[in-house]
Each structure stands twice: as C-alpha cells, then as structure tokens.
Amino acid sequence: MFTGIISKTAKVKNVKHESGGLSLEILNSLGKVKLGESISINGVCSTVKKTGKNIFFEYMPESLKLSNVGFLKKGDTVNIERSMVFSDSLDGHIVLGHIDGKGKILNIKKEGNSQVFEIKISSKSFMKFLVYKGSVAVEGISLTVAKVLKSSFLVKIIPFTLANTNLKQKKKGEFINLEFDILAKYANKK
C-alpha cells in the first residue's frame, strides 16, 4: 500500500520484453532495498527481483495490458515510492498500486503557476469513481480531481509536484497510469 506522495524519480536503465512479460531495470535512487520489497513504479505495485546499484522488476501480461509499463524505454523517468508502514503519515490517499487502466492526456495547459491536465479515461465505466475534489492516482501520484467531464477529468498540478515527478516530461497524446480511489470503488460496489 502507498500514499501517492512520490519520494523520488529514477531513470530507466534497461527494458526487456520476454516470454509475454517484461523485465525492467532502474537506477537505484532509494538506497538500501530488500529483495521482495514492494515499490510503486509509476503507480504499479512492483516487486524487487534483484537489487544493488540498479533495481530489477518483472511484469506479467496483465500488468502490461492495464498500465503503460510496456511503453517504457531506456532513459525514461519513472515515479517511485516505497510502500508505507503504519507509522507513516497518510499525506496523500490510500493507493494500492493496482492500476485500473491507462488514461490518455488530451490537453495540458498553463493556469497561473499550475498545469492543468485533461485525461481521457479508457472505459466510461470508471467515470462513477470520479467526484469533484475526490482523489485519483495518476502515474502513482495522489491528485485531486478538479473537474469531471463526460469521458475525461481535469487535475491541476502545482509547481512542486510538476518539478518532482515525471509529469514534467509528459506530453499531449501520451498514456498514463490511473488508479481510482479504493473508497469510491467500495462505495459503488453492487
């Protein structure tokens, strides 16, 4: 479980597509990391396969289908967050690292000192999980929904978040990982 407060970013060192899955290697910017530890990579709960100067992860077809991990390439920047411990402050919201799907950036515009991202949702069935001023995880980042539209939504990114996450490199037309608020999912369960 994560908070959606991104602690660091890291560079992708290598990506290998193999046997229907994917192996990912990132530069270790976290310090000591244990084998089997859960780390959020762009919002995807990822298990450490090997560690040292670099950290290695493996992804199965389901993760590749639902997330943008399969689009990663050497040199890309990823958002990383260690899993929370019960003594941590919950500064963001509860993020499980279970990506619901990819969103597509329809527009990025400047508004004062912030950037406004309009994100189209891959399936309209997810729209019920979005409410004005509710939470959503975008690339693993806990964000507040600024506006809900017919098949998209807006989030406004403050300068600090933009400077300290991979959102500063995102462009119109790119796919990003989305995880909808677990409380909204339970509230809408039938």
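Are any of the residues in region 71-81 under 13 Å from PHE2 (Cα atoms), in contact (Cβ under 8 Å) with a residue 40 or more places away in the chain and not β-branched (Val, Ile, Thr)?
Step one: of region 71-81, the residues under 13 Å from PHE2 (Cα atoms) are 79-81.
Retained after the next criterion (residues that are in contact (Cβ under 8 Å) with a residue 40 or more places away in the chain): 79-81.
So of that shortlist, the ones also not β-branched (Val, Ile, Thr) come out as 79, 81.
Yes, region 71-81 has at least one match.
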Query raised in the report: If you go through region 112-143 one residue at a time, how many are exposed (fewer than 13 other Cβ atoms within 10 Å of the Cβ), at pLDDT 95 or above and either part of a strand (DSSP E or B) or charged (D, E, K, R) (or both)?
Result: 1
Query raised in the report: Considering region 157-190 alone, what residues qualify as being closer than 17 Å to GLY92 by Cβ, touching a strand residue (DSSP E or B) at 6+ places or on another chain (Cβ under 6 Å) and either assigned to a loop (DSSP other than H, G, I, E, B) or open to solvent by 70 Å² or more (accessible area, probe 1.4 Å) (or both)?
Result: ILE158, THR165, ASP181
Query raised in the report: Would you say VAL136 is in contact with a Phe, Trp or Tyr (Cβ under 8 Å, 6 or more places away or on another chain), closer than 20 Å to MET1 by Cα and of a type outside the set (Asp, Glu)?
Result: yes
Query raised in the report: Can you name the condition, by its number, that VAL95 falls short on among (1) surrounded by 15 or more Cβ atoms within 10 Å (Cβ to Cβ); (2) free of Cβ contacts under 8 Å to residues at least 60 places away in the same chain; (3) under 21 Å from GLU179 (Cβ atoms)?
Result: (2)
Report task. Kindly indicate the residue of region 119-151 that is among the hydrophobic types (A, V, I, L, M, F, W, C) and free of Cβ contacts under 8 Å to residues at least 40 places away in the same chain and also nearest to GLY43 (Cα to Cα) among those meeting that condition. Result -> VAL145
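I need the strands (runs of 3 or more DSSP E) fully contained in region 34-93, keeping only those with at least 2 residues that are in contact with a Phe, Trp or Tyr (Cβ under 7 Å, 6 or more places away or on another chain).
On the way: elements: 38-41, 44-50, 54-59, 77-82.
In region 34-93, 38-41, 44-50 are the strands (runs of 3 or more DSSP E) which contain 2 or more residues that are in contact with a Phe, Trp or Tyr (Cβ under 7 Å, 6 or more places away or on another chain).
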Report task. Quick one: count up the residues across region 144-156 that are open to solvent by less than 60 Å² (accessible area, probe 1.4 Å) and in a strand (DSSP E or B). Result -> 7
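Each row is one residue, and each column tells you yes or no for (1) more than 20 Å from GLY101 (Cα to Cα); (2) surrounded by 20 or more Cβ atoms within 10 Å (Cβ to Cβ); (3) among the β-branched types (Val, Ile, Thr); (4) in contact with a strand residue (DSSP E or B) (Cβ under 9 Å, 6 or more places away or on another chain).
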| residue | (1), (2), (3), (4) |
| --- | --- |
| ILE26 | yes, yes, yes, yes |
| LEU30 | yes, no, no, yes |
| ASN54 | yes, no, no, yes |
| PHE71 | no, no, no, yes |
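Only one of these is among the basic types (Lys, Arg) and surrounded by fewer than 19 Cβ atoms within 10 Å (Cβ to Cβ): LYS49, LYS102. Name it. Working first, answer last.
Details: LYS102 fails: surrounded by fewer than 19 Cβ atoms within 10 Å (Cβ to Cβ).
When all the criteria are applied, what remains is LYS49.
The values are calculated or read from the model by the stated rules, or taken from the named source; none is laboratory data. Note that the coordinates shown come from a computational prediction; the quantities given were computed from them, not determined experimentally. Here Cβ is always computed from backbone atoms with ideal geometry, including for glycine, and neighbour counts include all displayed protein chains. Protein only, heavy atoms only, side chains kept; ligands, DNA and RNA dropped before computing areas. Shrake-Rupley method; radii C 1.70, N 1.55, O 1.52, S 1.80 Å.
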